[in-house]
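Here's the structure we're looking at; comments come further down.
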Amino acid sequence: MKILVCISRTPDTTAKIAFTDNNTKFQEAGVQFILNPYDEFYALIRAIELKEADPSAILHLINVGGSENDPIIRKALALGGDEAIRVNSNSHDDFYIASQIAEVAKQNNYDLIFTGKETIDYNGSSIGGMIAELLNLPFISLATKFSLEGSTATVDREIEGGDEVDEVNLPLVVSCQKGMAEQRIPNMRGIMGARTKPLKVLEPTEAGSFTEVSSFELPPAKAGVKLIPADQPEELVRLLHEEAKVI
Amino acid sequence: MSVLIFLDQADGNIKKNSFEAASYGAKIAENLNTSAEGIVLGTVKDDLTALGKYGLKKVYNVKEESLNNFDDQVFTQVIAEAAKKADSKVIVFSNNFNGKSIAPRLSVRLKAGLVSGATALPETSNGFKVKKSVFSGKAFANISIKTEIKIISLNSNAYKILEGEGLAEIEELSVEIPASKVKIKEVNKVSGEIPLSDAELVVSGGRGLKGPENWNLVTDLAKALGAATSCSRPVSDSDWRPHHEHVGQTGLTIAPNLYFAIGISGAIQHLAGVNRSKTIVVINKDPEAPFFKAADYGIVGDAFEVVPKITEAVKKLKGIS
Ligand SMILES: Cc1cc2nc3c(=O)[nH]c(=O)nc-3n(C[C@H](O)[C@H](O)[C@H](O)COP(=O)(O)OP(=O)(O)OC[C@H]3O[C@@H](n4cnc5c(N)ncnc54)[C@H](O)[C@@H]3O)c2cc1C
Ligand SMILES: Nc1ncnc2c1ncn2[C@@H]1O[C@H](COP(=O)(O)O)[C@@H](O)[C@H]1O
């Protein structure tokens, strides 16, 4: 079995969000970058567990990005995986990124492709579905559980007010979220081993791009909290009814 | 040309998010001087002509029982056919679970640029720019779509449902339906509860409530308000509440009109899931709790004393005794 996990690099959850160049670029100076939490905790760890259960499985990681992404790719390799592929491009267009991943996937015939639920910077939730369409494979989005028997996968997927259990044959694309696996911390052996695992750099193939960021904005600052004395709960309810008009 | 809106249904009922999408799509059609049309897959109980009140001129319905089961490949195929037939240049989805599955596929199929998580009407005077939420609600990006056909998926509660007059014309479409590769084995739904993902009012509890035995504080207030309930991550991690109630960076992202946070400190990862809420109320005994910085209204006090009084006041307002 061959598994591909798509990993991306995002600003740390606590990073200060600011923009430069006339609000067209994210202010990267002083920002700590991490492996996108959904890709790490859920997609990658679940894939590592599958490989632990079936040591003959081959696990590849892929990232579309510049060389500044190498540290997070090494971090992912320290958790697990046999090799990583980086397609050298700084595009932020979902279709372009998905096309690059689909191209690599076509050449390697993966049985299973995992993505995270979304990147925590652009919040697209799009790349998994796009890869699936480019490869004409079924796509299960927002999976919370995944198990495999032979070549049949059983996947729990979140729906409004509950979940659904699906049965699908491989090959398959799955976007992963909470529930898939538990967070792990790389151990010393993993960190040492990651240094010698292959990280292949490929040049991008021709692909279109459909969208472009034209500018960013910050939300208007909140006016500040209006504090109501603890012994006047009726006043809070009155304000919610008459001023905020939400109840 | 037309603007096509995908109207999502479950158990024969059109979802509330779809009325928002219809109102939003109808406004885009008006701005582009064209007509808004909806598409419904499967068999629904609702009277589809009534969708005219959201501004839809026509509703395509593919009345196949098999389409009552969601399948992203099948749905993409059917919507792509309808979009070609209707010559749709803008296609609108709700950015809900099903929308997140099909919109990206359709984007590839139709070579149409997708903006997911839209929070406002597109700017069409110069190009086609859509504002969307980025950095987990901490900022917005204006994304320009460069392709001829554009796909937008709209965040829930981002656009108000507009109701007017009018009846939609119904056109039954017969489309060849491919075989599904996905077998749905089980559907588990919590019945009788307001689904959190599209709730307008939400009451949420954190570790400050000390244990699951105290959750009636949250559920009583929610019941009085007609609100859904949610919780912080440690609460669902400790199994005080079910996992689907967990909101935040690693849980569900919500944007209700009212988010009532009780005994939640307001860690940045929690805020990431709720900071797009229109009005935030915080009840916390610690005046230094970071949540107050993100709140519109707050009470510094002990939840065990304050919340039952708020519940009473809400009941009084609503005339519930
Ligand atoms: C990568 C990562 C992802 C995360 N994702 C999420 C996420 O998605 N969602 C999430 O919620 N958290 C998430 N967290 C955890 C987050 O950082 C916080 O630890 C968590 O939100 C705290 O939950 P809490 O506010 O319920 O508990 P606490 O931080 O323990 O706060 C309890 C609050 O209750 C108040 N309190 C106590 N007693 C009373 C009383 N009697 N009356 C009123 N107030 C009282 C206290 O003053 C305090 O402010 C994540 C963390 C990490 C590192
Ligand atoms: N540049 C990238 N390289 C590799 N995988 C990516 C990249 N961007 C996003 N992904 C994957 O696609 C998922 C969804 O991303 P998005 O559609 O951008 O929200 C992420 O969780 C990753 O698994």
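The values are calculated or read from the model by the stated rules, or taken from the named source; none is laboratory data. None of the values given here were measured: they were computed from a predicted structure. Here Cβ is always computed from backbone atoms with ideal geometry, including for glycine, and neighbour counts include all displayed protein chains. These area figures cover heavy atoms from the full protein model, side chains too; ligands, DNA and RNA do not enter into them. Shrake-Rupley method; radii C 1.70, N 1.55, O 1.52, S 1.80 Å.
If you go through region B:301-321 and keep only what is within 7 Å of chain A (Cβ to nearest Cβ), in contact (Cβ under 8 Å) with a residue 12 or more places away in the chain and more than 9 Å from ligand 1 (Cβ to nearest atom), you end up with B:Ile310, B:Val314.
For every residue, the table says whether it meets (1) buried (at least 21 other Cβ atoms within 10 Å of the Cβ); (2) more than 8 Å from chain A (Cβ to nearest Cβ).
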residue: B:Ser94; (1), (2): yes, yes
residue: B:Gly99; (1), (2): yes, yes
residue: B:Ile102; (1), (2): yes, no
residue: B:Ser107; (1), (2): yes, no
residue: B:Ala120; (1), (2): no, yes
residue: B:Thr124; (1), (2): no, yes
residue: B:Glu148; (1), (2): no, yes
residue: B:Ile152; (1), (2): yes, yes
residue: B:Ser174; (1), (2): no, yes
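Going by what's in this entry, would A:Phe146 be described as under 19 Å from A:Gly81 (Cβ atoms) and either in contact with a Cys (Cβ under 6 Å, 6 or more places away or on another chain) or of a type in the set (Asp, Glu) (or both)?
Working: under 19 Å from A:Gly81 (Cβ atoms): yes; either in contact with a Cys (Cβ under 6 Å, 6 or more places away or on another chain) or of a type in the set (Asp, Glu) (or both): no.
Spelling it out, it is not the case that A:Phe146 is under 19 Å from A:Gly81 (Cβ atoms) and either in contact with a Cys (Cβ under 6 Å, 6 or more places away or on another chain) or of a type in the set (Asp, Glu) (or both).
Residue check: A:Tyr110 meets all listed conditions (1) crowded, with 22+ Cβ neighbours inside 10 Å; (2) within 16 Å of the chain's Cα centre (by Cα); (3) not small (Gly, Ala, Ser) but one, namely (2). On inspection, B:Arg241 fails the criterion of being more than 18 Å from B:Val306 (Cβ to Cβ), within 11 Å of another protein chain (Cβ to nearest Cβ), more than 16 Å from ligand 2 (Cβ to nearest atom) and touching a residue at least 12 places away in the same chain (Cβ under 8 Å).
Suppose we filter A:Ile97, A:Ile62, A:Ile101, A:Ile73 for residues that are more than 9 Å from ligand 2 (Cβ to nearest atom) and either surrounded by 21 or more Cβ atoms within 10 Å (Cβ to Cβ) or part of a strand (DSSP E or B) (or both); which single one remains?
Values: A:Ile97 fails: more than 9 Å from ligand 2 (Cβ to nearest atom); A:Ile62 fails: more than 9 Å from ligand 2 (Cβ to nearest atom); A:Ile101 fails: more than 9 Å from ligand 2 (Cβ to nearest atom).
Matching residue, one of A:Ile97, A:Ile62, A:Ile101, A:Ile73: A:Ile73.
Taking the criterion of being in contact with a Lys or Arg (Cβ under 9 Å, 6 or more places away or on another chain), open to solvent by less than 10 Å² (accessible area, probe 1.4 Å) and assigned to a loop (DSSP other than H, G, I, E, B), the only residue of region B:20-56 that qualifies is B:Gly42. Report yes if some residue within region B:298-320 is open to solvent by 40 Å² or more (accessible area, probe 1.4 Å) and among the β-branched types (Val, Ile, Thr); otherwise report no. There is at least one residue in region B:298-320 that is open to solvent by 40 Å² or more (accessible area, probe 1.4 Å) and among the β-branched types (Val, Ile, Thr).
What residue, among those in region B:176-214 that are open to solvent by less than 40 Å² (accessible area, probe 1.4 Å) and within 8 Å of another protein chain (Cβ to nearest Cβ), is farthest from B:Asp286 (Cα to Cα)?
First, the residues of region B:176-214 that are open to solvent by less than 40 Å² (accessible area, probe 1.4 Å): B:182, B:196-199, B:201-206, B:208-209, B:211, B:214.
Subsequent filtering for residues that are within 8 Å of another protein chain (Cβ to nearest Cβ) retains B:182, B:196-198, B:201.
Working: B:Val182: 50, B:Leu196: 27, B:Ser197: 29, B:Asp198: 30, B:Leu201: 24 Å.
Per the criteria, the residue is B:Val182.
As a summary of the residue check, B:Leu217 satisfies the conditions (1) open to solvent by 10 Å² or more (accessible area, probe 1.4 Å); (2) within 16 Å of ligand 2 (Cβ to nearest atom) except for the one numbered (2). B:Leu167 fails exactly one of the following numbered conditions: (1) at pLDDT below 95; (2) within 28 Å of B:Ala86 (Cα to Cα); (3) in contact with a helix residue (DSSP H, G or I) (Cβ under 7 Å, 6 or more places away or on another chain). What is the number of that condition? Going through (1) at pLDDT below 95; (2) within 28 Å of B:Ala86 (Cα to Cα); (3) in contact with a helix residue (DSSP H, G or I) (Cβ under 7 Å, 6 or more places away or on another chain) one by one, B:Leu167 breaks only (1). All conditions but one from (1) basic (Lys, Arg); (2) within 16 Å of ligand 1 (Cβ to nearest atom); (3) within 13 Å of chain B (Cβ to nearest Cβ) apply to A:Lys25; the one that does not is (2).
Being in contact (Cβ under 8 Å) with a residue 12 or more places away in the chain, out of contact with any Gly (no Cβ under 8 Å at 6 or more places or on another chain) and open to solvent by less than 50 Å² (accessible area, probe 1.4 Å) narrows it down to one residue among B:Ala255, B:Ala272, B:Ala224; which is it? Full working, then the answer.
Values: B:Ala255 fails: out of contact with any Gly (no Cβ under 8 Å at 6 or more places or on another chain); B:Ala272 fails: out of contact with any Gly (no Cβ under 8 Å at 6 or more places or on another chain).
Criteria check complete, one pass: B:Ala224.
Scanning region B:126-146 for residues that are part of a strand (DSSP E or B), hydrophobic (A, V, I, L, M, F, W, C) and either open to solvent by less than 20 Å² (accessible area, probe 1.4 Å) or on the phi > 0 side of the Ramachandran plot (or both) gives B:Val130, B:Val134, B:Ala139, B:Ala141, B:Ile143, B:Ile145.
Within region A:10-19, is even one residue on the phi > 0 side of the Ramachandran plot, within 14 Å of another protein chain (Cβ to nearest Cβ) and either open to solvent by 10 Å² or more (accessible area, probe 1.4 Å) or within 16 Å of ligand 2 (Cβ to nearest atom) (or both)? Scanning region A:10-19, I find no residue that is on the phi > 0 side of the Ramachandran plot, within 14 Å of another protein chain (Cβ to nearest Cβ) and either open to solvent by 10 Å² or more (accessible area, probe 1.4 Å) or within 16 Å of ligand 2 (Cβ to nearest atom) (or both), so the answer is no.
Looking only at region B:1-19, count every residue that is over 25 Å from A:Glu158 (Cβ atoms) and either free of Cβ contacts under 8 Å to residues at least 40 places away in the same chain or part of a strand (DSSP E or B) (or both) and tell me the total.
Within region B:1-19, the first condition is being over 25 Å from A:Glu158 (Cβ atoms), and the residues that meet it are B:1-4.
Narrowing further to those that are either free of Cβ contacts under 8 Å to residues at least 40 places away in the same chain or part of a strand (DSSP E or B) (or both): B:2-4.
Residues meeting the conditions: 3.
Among residues of region A:156-188 being under 27 Å from B:Asp198 (Cβ atoms) and assigned to a loop (DSSP other than H, G, I, E, B), the one that is farthest from the other protein chains (Cβ to nearest Cβ) is A:Met180.
This table checks each residue for (1) within 16 Å of ligand 2 (Cβ to nearest atom); (2) open to solvent by less than 10 Å² (accessible area, probe 1.4 Å); (3) modelled with pLDDT of 95 or more.
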| site | (1), (2), (3) |
| --- | --- |
| A:Gly129 | yes, yes, yes |
| A:Gly161 | no, no, no |
| A:Val168 | no, yes, yes |
| A:Val174 | yes, yes, yes |
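Checking each residue in region B:1-19 for being under 13 Å from the mean Cα position of the chain (by Cα), over 18 Å from B:Val62 (Cβ atoms) and buried (at least 24 other Cβ atoms within 10 Å of the Cβ) picks out only B:Asn17. Selection of region A:198-240 for residues being touching a residue at least 24 places away in the same chain (Cβ under 8 Å) and open to solvent by 80 Å² or more (accessible area, probe 1.4 Å) yields A:Lys200, A:Glu203, A:Glu212, A:Leu218.
Residues that are closer than 30 Å to B:Ile280 by Cα, more than 16 Å from ligand 1 (Cβ to nearest atom) and modelled with pLDDT of 95 or more within region B:170-210 comprise just one, B:Leu201.
Does A:Ile185 fit the bill of being of a type in the set (Val, Ile, Thr) and open to solvent by 70 Å² or more (accessible area, probe 1.4 Å)? So A:Ile185 passes the test.
Here are A:Glu40, A:Glu28: which of them is over 26 Å from A:Ser209 (Cβ atoms) and charged (D, E, K, R)? Walk me through how you get there before you give the answer.
Values: A:Glu28 fails: over 26 Å from A:Ser209 (Cβ atoms).
Exactly one of A:Glu40, A:Glu28 is over 26 Å from A:Ser209 (Cβ atoms) and charged (D, E, K, R), namely A:Glu40.
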